[in-house]
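The values are calculated or read from the model by the stated rules, or taken from the named source; none is laboratory data. Keep in mind it's a predicted model, so treat the numbers as computed, not measured. Positions of Cβ are generated from backbone atoms using ideal geometry, with glycine treated the same way; all protein chains shown enter the neighbour counts.
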Amino acid sequence: MKQRVKSALIFCAKLLVTLVPCYFVYNKIVCAPGWDTGDIWDLFTVSSVAPFLVALACLLISNFTGCLQWKLLLDKQNVHMGYWHLIKLYFVGLFFNNFMPGNVGGDVKKVYDIRMQGDQQTVGGGLTATFFDRLFGLFFLNVLALAVGALFFIRDPDQRLFLLPSFWFFVAFCVLFAGLFSKRIGRILAWISNHIFPKSVQERFLHFQKRFQYYRDWKLWLRITVLSAVTQSLRVVVHFFCGIAIGLQIDVSWYFFFIPMVSVISALPISIGGFGPRELLAQSLFDRIGVPGLQSVVVQLLAYLVSLVVSLVGAVFFLTEKEKS
């Protein structure tokens, strides 16, 4: 009974975090001078189709490279599965991301599928690889924003301030990686956790950290860095082509500066599917360069639609596997 109450309270909190930002986004759009509901339809023309299809292609390709990165991480954990089989699990996970709470529901589904098709030893390996795959993707997105900001916007006093969140996220990721990969720091954290958490929690942390030692390989890091560069760049470019689809003509560098921040926020399991905080942050950021609130929000919704359409491939894989079983 207590678990049900806890789950209900968490859902209500996420619903609140989703609806309150949505209200502010909506209010800012309808209060814009000359606002009319027909403005939404005016954004779309026949010429919108080609950029939208390119966005679909970019996201589709990014999922293939993203799955290859996931496979490399699984192989290091001695969880060996064929690439095309993992593609099916990857797309099924993407599909479930649309319907399970938070943005980690699909990852849970992928770990579950690996467990069902392996043995008990694959649980830890699958969980570690999937967790690090998500973690490294967010880390590289943050590096993209920091690099583009340092190259193009550090001299702009209006945009320089936005380098600070990316910088502190970068520092936080580095500290986290140090704790996970450094044996010396790991022992210090284990000693600290021994005085705070129960012994069972400490043992799980040590076991988890031990699995991360498999990733102390510079060749692996080089490969996943290249793959992340391709994967995350393609996913940012999806927003660029969604912008072109509604006639938004701004330099792609703005997307590489702003979208990583939006992606990190939307990846946090604090709202339902990332809605609300994602649109509010995107509207606030793009407003600084003169993009109307309606257009910045529609770009986010179009990017989500692209993700939803591509994830339908996972629905096909899921249903066909069910039929076979």
What is the number of the single condition among (1) in a helix (DSSP H, G or I); (2) closer than 24 Å to Val92 by Cβ that Pro269 does not meet?
(1)
Report yes if Ser193 is of a type outside the set (Asp, Glu), modelled with pLDDT under 75 and assigned to a helix (DSSP H, G or I), otherwise no.
yes
Tabulated pairs, segment 217-246, first of a type in the set (A, V, I, L, M), second part of a loop (DSSP other than H, G, I, E, B), C-beta under 7 angstrom, 6+ apart or interchain
Ile246/Leu43; Ile246/Phe44
Meets criteria (among the small types (Gly, Ala, Ser), surrounded by fewer than 22 Cβ atoms within 10 Å (Cβ to Cβ) and closer than 20 Å to Val54 by Cβ) for Ser284
no
Scan of segment 238-260 for residues that are within 20 Å of Gln159 (Cβ to Cβ), assigned to a helix (DSSP H, G or I) and touching a helix residue (DSSP H, G or I) at 6+ places or on another chain (Cβ under 6 Å), ordered by number
His239, Phe240, Gly243, Val252, Ser253, Tyr255, Phe256, Phe257, Phe258, Ile259, Pro260
Ser266 vs. criteria at pLDDT below 85, of a type in the set (Ser, Thr, Tyr) and buried (at least 18 other Cβ atoms within 10 Å of the Cβ):
yes
Residue match in segment 158-166 (condition: over 23 Å from the mean Cα position of the chain (by Cα) and basic (Lys, Arg))
yes
Name the pairs: first residue in segment 139-152 and touching a residue at least 24 places away in the same chain (Cβ under 8 Å) and on the phi > 0 side of the Ramachandran plot, second residue crowded, with 18+ Cβ neighbours inside 10 Å and part of a helix (DSSP H, G or I), Cβ to Cβ under 9 Å, at least 6 apart or on different chains?
none
Checking the structure you have, find out if any residue of segment 26-42 is touching a Gly at 6+ places or on another chain (Cβ under 7 Å), at pLDDT below 65 and crowded, with 17+ Cβ neighbours inside 10 Å.
yes
